[in-house]
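Notes follow once the structure below has been shown.
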Amino acid sequence: MELIAALDRKLAQLDEQSLTRQRRVVDTPCAPRVVVGGRPLLAFCSNDYLGLAAHPRVVEALREGAQRYGAGSGASHLISGHTQAHQLLEERLAAFVGAHLVAPRALSFCTGYMANLAILTTLGADGDAEIFSESLNHASLIDGARLARAAVKVYPHADLAALAALLENSNAGTKLVVTDSVFSMDGDLAPLPQLLALCERHGAWLVIDDAHGFGVLGAHGRGALEHFALRSPNLVYMGTLGKAAGVGGAFVAAHASVIEMMIQRARPYIYTTAAPPALAHALLASIDIIGGDEGASRRAHLKALIARLDAELRLKRWERVASSTAIQPIIIGSNEEALRIGAGLYGMGLWVPAIRPPTVPAGTARLRVTLSAAHTHEDVARLAAALNELEELR
């Protein structure tokens, strides 16, 4: 039993440091109003930024997809699991973001984590590759860089001068600059135009994880590439489909040669069962909504909600990180206080997660407020009033 006892000691240490994570069981569809353990709550914790997870058109498309294709794919894409639904989705996604790429093609994945592992282990597999990684990158990018077994240099957050110096001093045959577009715990945007200029100057790939930008950024929801009006053959773009798109999975879009190399060499793509084709069929409906008038209306409403939260909050001790995105962090500081405030909100019927190390740096535990187009102005005003009240109580 010593093996179990050793684990129990480690678990006890996490608890002492207020770092224990817990799951809550949700009884209802993903939406601002949920029921957890029989209790109604107003949730500000999902990444369903456009409110499409329970959209009737998307739900109906999922039902239709299951009737047409069954429940599962049955095999990997390269065996027999690549259905017409997957093919249509990849073609639609390539067309959707393709104006910002050269000779665009898209490849679908079960998760964004797998997609990032696939990109970096494919492009970074050369013996002389070097990866330049943003310090606040998502864990999937960090792990992908490790698995690539390439040399890795980490540059400080949004520090263009530091990155430029690293690129200038690199003799690597293959260079990859890797960054989130919207940083998931801060909500700020990477300086992508300047990063792309550096990559083009130094013959480097720019790998962009647009998990929190796809569907939300840009006039038509085409993500960070549209938002910044980028276009280059050096771009490798990853977008997730379980956040603003409301369903699940992810995709990589890049030059056709990049995608073909991933099909031939990316282990996270080759050696896994394809996602259920019904999900791909449902995502066709999601993309239609995102790119249409309804998507534009939902993005406008989300923008108005962000402005409403900004106007209503009157924080003095806590720091609200400046963010123009749906991610609105409030830095509390200590793990214990962040947990206490999160519990206080929960007691008031508001569900806002407390985020602690190692997800964020020590001393910056925070409430990660996420807004959705499915929220109302009244919902946001209620949250702001609760936060103002709890801060004053100390």
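Ordering A12, V369, L230 by the projection of their Cα atoms onto the charge dipole of the chain, which places +1 on the Cβ of Lys and Arg and -1 on the Cβ of Asp and Glu, puts A12 at the extreme positive end.
Across all directions, the average projected area of the convex hull around the alpha carbons of region 84-216 is 8.2 nm².
Working note: Karplus 6.51/-1.76/1.60 with θ = phi - 60° gives region 359-367 the couplings 5, 10, x, 4, x, 10, 3, 8, 8 Hz, where Gly and Pro are set to x.
Cβ crowding within 10 Å, taken as a proxy for footprinting-reagent exposure, orders E130, E391 from fewest neighbours to most as E391, E130.
Find the all-direction average of the projected area of the Cα convex hull for the chain, expressing the result in square nanometres with one decimal place. Write down the numbers at each step before the final one.
Details: hull surface 83.9 nm².
So the Cα hull casts an average projection of 21.0 nm².
Ellipticity at 222 nm from helices only: DSSP H runs of n ≥ 4 in the chain, each -39500 (n - 2.57), divided by the residue count, give -13000 deg cm²/dmol.
Close amide H partners of W351, meaning residues 5 or more places away or on another chain with modelled amide H under 5 Å apart, are L42, A43, F44.
For region 1-141, the alpha carbon positions stretch 53, 50, 33 Å along the principal axes, listed from largest to smallest. In the chain, a dipole from Cβ-located charges (positive for Lys and Arg, negative for Asp and Glu) runs towards its positive end, and of H255, V34, S334 it is V34 whose Cα lies farthest in that direction.
Magnitude of the Cβ-charge dipole of the chain, K/R +1 and D/E -1, about the Cα centre, nearest 20 debye?
Using Cβ point charges on Lys, Arg, Asp and Glu, the chain gives about 420 debye.
Answer rounded, prolate or oblate for region 242-337, using the Cα gyration tensor with square roots of eigenvalues a ≥ b ≥ c: rounded when a/c is under 1.5, else prolate when a/b is larger than b/c, else oblate.
Values: a/c = 2.84, a/b = 1.74, b/c = 1.63.
Prolate shape, in that a/c is at least 1.5 and a/b is the bigger ratio.
Most exposed first by the Cβ proxy, i.e. fewest other Cβ within 10 Å, how do K153, K316 rank? List each step's numbers first, then the result.
Values: K153 18, K316 7.
The order, fewest Cβ neighbours first, is K316, K153.
Rounded to the nearest 20 debye, the dipole magnitude of region 191-269 is 100 debye, with +1 charges on Lys and Arg beta carbons, -1 on Asp and Glu beta carbons, and the Cα centre as origin.
Toward the positive end of the charge dipole of the chain, with +1 on the Cβ of Lys and Arg and -1 on the Cβ of Asp and Glu, the farthest Cα among G112, L52, P357 is that of L52. The lysines whose alpha-carbon is closer than 19 Å to the alpha-carbon of K303, local same-chain residues fewer than 8 away aside, are K243.
About its Cα centre, how strong a charge dipole does region 141-280 have in debye, to the nearest 20, once Lys and Arg get +1 and Asp and Glu get -1 at the Cβ? Numbers along the way, then the final one.
Numbers: 10 positive and 11 negative charges, 87 e Å.
Dipole of region 141-280, to the nearest 20 debye: 420 debye.
In terms of its alpha-carbon gyration tensor, region 289-366 comes out prolate; a/c meets the 1.5 threshold, and the first ratio a/b outweighs b/c. Projection of the Cα convex hull of region 56-291, averaged over all directions and equal to a quarter of that hull's surface, yields 11.5 nm². Among V178, V35, V59, V258, sorting on how many other beta-carbon atoms sit within 10 Å of each Cβ, with the fewest leading, yields V35, V59, V258, V178.
Every number here is computed from the coordinates shown, using simple stated rules; none is lab data. This structure is a prediction, so every number in the text was calculated from the model and none was measured. Don't worry about glycine lacking a Cβ; one is built from the backbone with ideal geometry, like all the others, and counts go over all protein chains shown.
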